[in-house]
Amino acid sequence: MPGGASHGCSDSTYFPYASRWYHTGISAEEVADFYHDALPAAGWKLRRADPIHAQQRVFFGARLCFTRPVDGVETYLSVGFLGALDAGPEDVLGSGPADVDLHVMADPEDGHVNNC
């Protein structure tokens, strides 16, 4: 797979996943706004949304999480943003171009994935 991409089955549950990092030319806020509109239009339901705005302090990043059944299997899609290291114990979301992680995981056992 291309750099920044991974796929397989999780070590603990063996559920299938695919993930890819992207470097964008827009801010995390603009990326989040895009996915807030595009994913529900494609049938995904927003399950969880961390605050995503410039200078937002984050612990291990911030993300949006969407769910939808695919062929009868509950599937999770997260849009994640890592923060830049700050002087404090937490990271901070910057105002510049964002690195974005798109991660999809299926839950064939329906409800056992805590991916969101």
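Just so it is clear, none of the values below were taken in a lab; they were calculated from the coordinates. Small disclaimer: the values here were computed from a predicted structure and weren't measured. All Cβ positions, even for glycine, are placed from backbone atoms using ideal geometry, and neighbour counts span all protein chains on display.
When peptides 37-50, 64-77 are sorted by average Cβ neighbour count within 10 Å, with the highest value leading, the order is 64-77, 37-50. The distance between label points at Ser10 and Thr24 comes to 2.5 nm (points 7 Å beyond Cα on the Cα→Cβ vector).
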